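The values are calculated or read from the model by the stated rules, or taken from the named source; none is laboratory data. Quick caveat, the model's predicted, so the values are computed rather than measured. A quick note on method: Cβ atoms are made from the backbone with ideal geometry, for glycine too, and the neighbour counts reach across all protein chains shown.
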């Protein structure tokens, strides 16, 4: 379990580095197109890191990672069902998943500050809740809860 704990610690550190790069939400409307695209890439990276965390915890519990076209959505469902994350966190993550899908299929010029703003505003709190959920799930798995 210590290898998993180290990987989780590294993922948390990477997510915190991403969060530190976000612009202030009140600055979003005045960002250039390139800065908006960079912020969108940070949101995408944040969600990818969250998925990495969820996959690691799910795998250590002996569960298979979902496959197929809907694996991203199914990962959230599985993580919630396995009590890795709360339903509240799962609901919040679905918003980031929807953005990830949009970002992956949109033109950079279609990115608008008003679409990013609520996600950037909530990112730190979503991260804090996710971290609490995962740390609690790991502590329980290790017999501490």
(request) Test residue 120 against the stated conditions and say whether it is exposed (fewer than 13 other Cβ atoms within 10 Å of the Cβ), touching a residue at least 40 places away in the same chain (Cβ under 8 Å) and part of a helix (DSSP H, G or I). (result) no
(message) Exactly one of these conditions fails for residue 66: (1) assigned to a helix (DSSP H, G or I); (2) without any contact (Cβ under 8 Å) to a residue 24 or more places away in the chain; (3) crowded, with 16+ Cβ neighbours inside 10 Å. Give me its number.
(response) (1)
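Sort through 53, 78 and tell me the only one that's more than 13 Å from the chain's Cα centre (by Cα), crowded, with 19+ Cβ neighbours inside 10 Å and part of a helix (DSSP H, G or I). Even if it seems obvious, please write down each step before you answer.
Working: 53 fails: more than 13 Å from the chain's Cα centre (by Cα).
So the residue among 53, 78 that is more than 13 Å from the chain's Cα centre (by Cα), crowded, with 19+ Cβ neighbours inside 10 Å and part of a helix (DSSP H, G or I) is 78.
Inspect the stretch 90-102 for any residue being over 12 Å from the mean Cα position of the chain (by Cα), at pLDDT 95 or above and either surrounded by 14 or more Cβ atoms within 10 Å (Cβ to Cβ) or outside any helix (DSSP H, G or I) (or both) and give the result as yes or no.
First, pick out the residues of the stretch 90-102 that are over 12 Å from the mean Cα position of the chain (by Cα): 101-102.
Now drop any that are not at pLDDT 95 or above, which leaves none.
Scanning the stretch 90-102, I find no residue that is over 12 Å from the mean Cα position of the chain (by Cα), at pLDDT 95 or above and either surrounded by 14 or more Cβ atoms within 10 Å (Cβ to Cβ) or outside any helix (DSSP H, G or I) (or both), so the answer is no.
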(request) Could you list all residues from the stretch 117-145 that are within 22 Å of residue 88 (Cβ to Cβ) and over 13 Å from the mean Cα position of the chain (by Cα)? (result) 117, 118, 121, 132, 135, 136, 137, 138, 139, 140, 141, 145
(request) Hey, could you check the stretch 1-50 for residues that are in contact with a helix residue (DSSP H, G or I) (Cβ under 8 Å, 6 or more places away or on another chain) and not in a helix (DSSP H, G or I) and say which is farthest from residue 62 (Cα to Cα)? (result) 31
(request) Quick one: in the stretch 17-30, of everything that is crowded, with 16+ Cβ neighbours inside 10 Å and more than 18 Å from the chain's Cα centre (by Cα), which residue is farthest from residue 124 (Cα to Cα)? (result) 28
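Is there a residue being within 16 Å of residue 43 (Cβ to Cβ) and without any contact (Cβ under 8 Å) to a residue 12 or more places away in the chain anywhere in the stretch 125-141?
First, the residues of the stretch 125-141 that are within 16 Å of residue 43 (Cβ to Cβ): 125-127, 130.
If we keep only those that are without any contact (Cβ under 8 Å) to a residue 12 or more places away in the chain too, we end up with 125.
Yes, the stretch 125-141 contains a residue that is within 16 Å of residue 43 (Cβ to Cβ) and without any contact (Cβ under 8 Å) to a residue 12 or more places away in the chain.
Residue-wise test of (1) touching a residue at least 12 places away in the same chain (Cβ under 8 Å); (2) farther than 21 Å from residue 129 by Cβ.
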| position | (1), (2) |
| --- | --- |
| 38 | no, yes |
| 47 | yes, no |
| 57 | yes, no |
| 90 | yes, no |
| 111 | yes, yes |
